[in-house]
Structure formats: C-alpha cells, structure tokens
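The values are calculated or read from the model by the stated rules, or taken from the named source; none is laboratory data. Note that the structure is a prediction, hence the values are computed from the model and not measured. Note: ideal-geometry Cβ built from the backbone for every residue, glycine included; neighbour counts use all protein chains shown. These accessible areas exclude ligands, DNA and RNA; they are computed on the full protein's heavy atoms, side chains included. Shrake-Rupley method; radii C 1.70, N 1.55, O 1.52, S 1.80 Å.
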Amino acid sequence: MKKFKVAILGTGNIGTDLLVKTQRSPYLECVAFVGRSSNSPGMAKAMSMGITCSDKSINYIITNSENIDLVFDATSARDHLIHAPIFKELGIIAIDLTPAKVGVMSVPAVNMSDCLSANNINMITCGGQASIPLAYAIGQSQKTVDYIEVVSSISSKSAGPATRRNLDEYIQTTEKGIKQFSGAKQAKAIINLNPAVPCINMQTTVFAKVENPDMASLEAAVDDIVDKIKRYVPGYELVVSPFYENNRIVIMVRVKGLGDYLPEYAGNLDIINCAAITMAEEYSKQGGEK
C-alpha cells in the first residue's frame, strides 16, 4: 500500500505533535515540515527526526506540490483563508486545524464518510471535537432541542499564542458546529483557560434544554458515540453520564492526551490532532495516488 504524502504547515505545538503522530501512522508519510522560522523548537524536533524542513511557509507548498497529497494546516484562521484557494488550485487535500470555517466540518465519529468527497475539511475546534459528538447524540435521541451550551476548561499552559488569537473564531465555529450536528435552535460555547498548578486535563460539560427528554435513548446514544471516539482518542472519558436536573440535561467528559510531543494534560490539542490524523488515514485508505 502506498502511503499518502503529507506536509505539515505550522511548526508550533500542534504541528509538531501532528508530526510525531504522522510518523507513527502506517498510512501517512511526512514529506515536509513547513513554517516561517527555522529556529523554532518544532523545526529542531523535525530535523532531529530527519524530516525535510522549510521556513518558506506556503511558498514551499506551491513549489513542491507535485510531491504532496495532503496538507495539515496548523497555522491560524486568518492564514487558512489565504491558503485554502491555493490548495484547491494545486489539487491538494487540506485538513484545516484552524477555526476558519472554510471546508466541510468534520467529526470522525459522526460524519467521516460524508467528508471524504471534499478536498478541504475543517476540524472545527478542540472543544468542538469533544462536545459535538455529545450534541449529536442529543439531537439524534430527542425530538426537539431548544438550546445546547458547551463549557470547556483547559489548562492555560496548553493554550498557545495561536489559540489565544483565535478565541473569537473558536466560539463562533464551535457554536456553528453544535447547531449543525445537533439541530439545536440555539447554541453557546464557552472556554475557560485554567491557570491551576498542577495543570488540569481538558474537561467539557454539555448542557441541553429539550422537550420531554428521553433519557434511556440518550444514554444509549452517548455510550455508542463515546465508544467510537475512544477508537481514535483513547484518553476520551465519559466522567458524568447523562442526567436530568433543573430542567436541563447534563453530560461531562474529560480528555487526557497521549503524551506524544505535548504533555498529557494538553488533551484539548491531542483530540483535534487525533481526529485530523484519523481523517488523513481514511483519505489514504480510500484515495491511493493523487
């Protein structure tokens, strides 16, 4: 089987963790690790692994497109708006790890097969990857969903400069994903950057207002979707099963990272990277050569 040739655009923590995960994959081969600074820690890590590196950013992708099947874009929402039409023109599949909302929204446990015909998919947000499957389970098991609220708490140390710059986009994109996948009339996303020491694992709570809740159906739907997520995010854990209190449904999950490049408490970054790798591997299984 021929591996998909992958380039990683963005050499921060997310991009570097993606590199480690890509190298472990039997379906993917990293042919380039690309950023803007040759002095970044991520570049040093990639060089130590013998990976081709460049500080020419998108220009490297343009001049080497014949050797690239797929790009992980781990830059920023603003940058991806510039990159997306370039990837399209070059015929390169793009997996967007920014909240740019350009491509098809992708949550592997929910709509993997629906995404494979698209050449640009958006991994939404870390909070979206944690919460949207639960919102989807609510939408699938309840007749009417009036409102869903998602509160994600992550370690402050796991939120780098790009994450902090994209907080507005994070909220907008997560809310859009919740409504799209659950059918909720209204949605609200909240993120807390917790400075606690020792660092906390990512924790996400989903609240929902529904008419005449069917808790038995919801419990079955949640158990099913959690099992699907754990196949590609082993640290995804249901810590509070669905219950109904004060006229609302409550569900809580915790995410512990694999500890590949990032610390285990950075489950927020790990979950979106695991989801992106899962989608890239599926493209490779389905696609073959460019």
(request) Run the quick spin-label model on GLU66 and ASP223: label points 7 Å from Cα toward the beta carbon, then report their separation in nm to one decimal. (result) 5.6 nm
(message) Among SER217, LEU167, ILE82, which residue has its Cα furthest toward the positive end of the charge dipole of the chain, with +1 on Lys/Arg Cβ and -1 on Asp/Glu Cβ?
(response) ILE82
(request) Could you point to the residue in GLN129, ILE58, TYR261 farthest towards the positive end of the chain's charge dipole, with +1 and -1 charges on the Cβ of Lys/Arg and Asp/Glu respectively? (result) ILE58
(request) Exposed loop GluC sites (Glu not before Pro) only (DSSP loop, at most 10 other Cβ atoms within 10 Å): please give the longest stretch of the chain free of them, not including the sites. (result) 1-210
(message) Antiparallel versus total DSSP beta bridges in the chain: what percent is that, nearest 5?
(response) 40 percent
(message) If I model a spin label at ALA216 and LYS88 as a point 7 Å from the Cα along the Cα→Cβ vector, what separation in nanometres do I get?
(response) 4.9 nm
(message) No solvent, one uniform scatterer per C-alpha: report log10 I(q)/I(0) for segment 144-194 via the Debye equation at q = 0.16, 0.18 1/Å, two decimals.
(response) -0.49, -0.59
(request) Describe numerically, in nm with one decimal, the distance between label points set 7 Å from Cα along Cα→Cβ at VAL239 and at LEU167. (result) 2.2 nm
(request) Would you be so kind as to identify which of ILE251, LEU18, MET47 lies farthest towards the positive end of the dipole of the chain, taking Lys and Arg as +1 and Asp and Glu as -1 on Cβ and the Cα centre as origin? (result) MET47
(request) Please build a GNM for the chain, connecting alpha carbons under 10 Å apart, and tell me which residue among ILE14, ILE225, ILE121 fluctuates the most. (result) ILE225
(request) Starting from the Cα of TYR147, step 7 Å toward the Cβ, then list every residue of segment 177-218 with an amide N under 17 Å from that point. (result) 178-179, 183-191, 205-213
(request) Assuming a ≥ b ≥ c are the square roots of the Cα gyration tensor eigenvalues, decide whether segment 52-166 counts as rounded (a/c under 1.5), prolate (otherwise, with a/b larger than b/c) or oblate. (result) oblate
(message) List the aspartates and glutamates whose Cα sits under 14 Å from the Cα of LYS230, skipping any in the same chain fewer than 8 residues away.
(response) ASP270
(request) Over the alpha-carbon set of segment 1-75, work out the extent along each principal axis and list the three values in angstrom, largest first. (result) 35, 25, 20
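Tally up the carbon and sulfur contribution to the accessible surface of the chain as a whole percent, 1.4 Å probe, everything protein left in place.
Percent of accessible area from carbon and sulfur atoms in the chain: 46.
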(request) Provide the per residue accessible area, probe 1.4 Å, for the chain, rounded to a whole number of square angstrom. (result) 43 Å²
(request) Classify segment 82-227 as rounded, prolate or oblate from the Cα gyration tensor: take a ≥ b ≥ c as the square roots of its eigenvalues, call it rounded if a/c is under 1.5, otherwise prolate when a/b beats b/c and oblate if not. (result) oblate
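Quick check on segment 187-250: take the gyration tensor over C-alpha atoms, sort the square-rooted eigenvalues as a ≥ b ≥ c, and tell me if it's rounded (a/c under 1.5), prolate or oblate.
oblate
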